[in-house]
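Accompanying notes for the structure given below.
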Amino acid sequence: MPESLNKKVLVVEDETPLRTAIADILSFEGFTVFQAKNGLEGLETALKEHPDLILLDLMMPVMDGLTMLGKLRQDMEWGKDAGVILLTNINDPEKIAQATDANTYDFLVKSDWNIEDVVKKIKSRLGVA
């Protein structure tokens, strides 16, 4: 049984085609996948499901990724230690530095990667072959 079958990933992304494509390939790879279209839905899902990793877009309606990440880190039981990979169109080091902390594993500028890169990074971060 692949190790990925025991791992949960939350994809928080407002662009439906991208969110669905990432979720579909992660499901195909054996991950349990949750989806959210904005930071508010993402925060609610994260605090309920406790995913092993969160893919988090920074620019979204309703609640942006930075706000979601800040609120997530306020949860002292689980959220403060949740693993996060940021997805962004922003290539602004200051903005990215503002979002990163000890449990933000990485950030991916959307124009610089493809879905296979995301899957490899997730597997690497979660220790899944």
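Quick note: the coordinates plus some simple rules give every number you see, no bench work behind them. This one's a predicted model, so the numbers in the text were calculated from it and none came from an experiment. Neighbour counts are summed over all protein chains in view; Cβ atoms, including those assigned to glycine, are modelled from backbone coordinates with ideal geometry.
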Could you give the Stokes-Einstein D for region 1-58 in µm² per second, using the C-alpha Kirkwood radius, 25 °C, 0.890 mPa s? 219
Between residue 50 and residue 6, how many nm apart are label points set 7 Å from Cα along the C-beta direction? 1.5
Net +/- balance of residues flanking residue 40 in space, Cβ distance below 12 Å, scoring K and R +1, D and E -1: -2
